[in-house]
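**Q** The structure's right below; bear with me while I get my questions together.
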Amino acid sequence: MPPIHIALALLVAFIWGVNFTFIAWALDSFPPLMLTALRFFFTAVPLVFFLNPPKFNRTLFIYAIGTFVMQYSFVFTAMHLGASAGLTALLLQVQIFITVLLAYAMLGEKVNRMQIIGMVVGVLGLGVIALNLGGDMPLIGFICILIAAIGWSFGNIASKQVSAQSASKSIQQESRLSTVLPTNKNNKASALSALSLVAWGGLIACVVLTLASLIFESAAWQLVTFTQASIKSWLSLGFIVYVSTLIGFGLWSHLLAQNTASKVMPFALLVPVFGMATSVLLTGEIITWWKMLAMVLIISGLVLANVRIGLSRKIART
């Protein structure tokens, strides 16, 4: 990966890590499905009026349902049921391994032996959490987060496919009107298609989530819910929408379109580090020995996965 892509991947990991604390604060005033619906309403509007939609097909629908509807409705529900921000951030990273395996099975992307070892070590860290359920991570919350991880994994694969298709189409259109170098056209098209994907995918998610919230949280759809919501919750919603969703997912989709999933996904393992640190500092979450062990194993998995990337570059230079 180019240095700029590495820096962007680290930035997204930080944003998504901090985001779990903001989710906890927003849930103080809004039920989980309503909060998720609000998130994607403000994500989509007004951007959908200015961005051309990607091709509406099964891939786009899978992206919206997997990445937005499944991931966030179940994550928000898990935290509403008692899962702590730090542990939620940590456990959700099982999606990394699922995504790499799906990329291998569905897209034919190669997975090196060192990456497999890294994934195994990371899964051991997730297993430590499973052996210490209760308190900060109830069983129902654990199950919800695993479902969220599966949804996000399918969404990642769909995101890569949709972004590549949209970028290719945009490049062909621009080539008739411009003499810009091909590399610049590719980067510009990829960035625009990534933002369009987030906005229009968010619109699909908003419709689905609003209907689900009206069915399961009908009592919450009253004016008093919005008028009595705290300023902290509204500001947290703003961070979730404009920083975590638009900036975070826009950059992430762009990175997946420009690089193989096996190179991008390991950086998401840093999300629980930032998530746990901010949860401890801002919400008072207690660090235990098994939480530290789980984090060490997961970060070790990230290091092992990146060792393979570094070795590949050295071999290529020789």
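**Q** What does the charge count around L203 come to, taking other residues whose C-beta lies under 15 Å from its C-beta (Lys +1, Arg +1, Asp -1, Glu -1)? If you can, show how the numbers build up before the last one.
**A** Values: positive: R39, K55; negative: none.
Surrounding charge for L203 is +2.
**Q** If I stretch the segment between L282 and I6 completely, what's the gain in nm (0.36 nm per residue apart, minus their alpha carbon distance), one decimal?
**A** Gain on stretching L282 to I6: 96.6 nm.
**Q** Quick one: which of 63-71, 241-249, 129-137, 142-150 comes out on top by average Cβ neighbours within 10 Å, and what's the full order, highest first?
**A** Most protected by this proxy first, the peptides run 63-71, 142-150, 241-249, 129-137.
**Q** Now for a different question. Could you calculate the FRET efficiency of I215 with Y242 from 1/(1 + (r/R0)^6), where r is the beta carbon distance between them and R0 is 22 Å, rounded to 0.05?
**A** 0.20
**Q** Now for a separate question. With a 1.4 Å probe and all protein chains left in place, how much accessible area per residue does segment 201-311 have, in Å²?
**A** 44
**Q** Students often check this: by mean Cβ neighbours within 10 Å, which of 268-275, 291-298, 113-120 ranks highest, and how do the rest follow?
**A** Ranked by mean Cβ neighbours within 10 Å, highest first: 268-275, 291-298, 113-120.
**Q** Here's a follow-up. From the square roots a ≥ b ≥ c of the eigenvalues of the alpha-carbon gyration tensor of segment 1-51, which class results: rounded (a/c under 1.5), prolate (a/b over b/c), or oblate?
**A** It is oblate, given that a/c is not under 1.5 and a/b is not larger than b/c.
**Q** Across segment 29-106, how large is the tail of the calculated P(r) beyond 16 Å, expressed as a percent of all Cα pairs?
**A** 64
**Q** Separate question: Of the listed peptides 3-10, 81-88, what is their order by residue-averaged count of other C-beta atoms within 10 Å, with the highest listed first?
**A** Numbers: 3-10: 14.1, 81-88: 23.5.
Per-residue mean Cβ counts within 10 Å order the peptides as 81-88, 3-10.
**Q** Which aspartates and glutamates have a Cα lying under 16 Å from the Cα of K160, excluding residues fewer than 8 positions away in the same chain?
**A** By straight Cα distance, K160 reaches E109.
**Q** Could you report segment 15-80's accessible area per residue, 1.4 Å probe, as an integer in Å²?
**A** Details: 2430 Å² over 66 residues.
For segment 15-80, the solvent-accessible area averages 37 Å² per residue.
The values are calculated or read from the model by the stated rules, or taken from the named source; none is laboratory data. Just so it is clear, the structure is predicted and the values come from calculations on it, not from any experiment. We place every Cβ from the backbone using ideal geometry, glycine too, and count neighbours over all the protein chains shown. The area values use the complete protein model at the heavy-atom level, side chains included, leaving out ligands, DNA and RNA. Shrake-Rupley method; radii C 1.70, N 1.55, O 1.52, S 1.80 Å.
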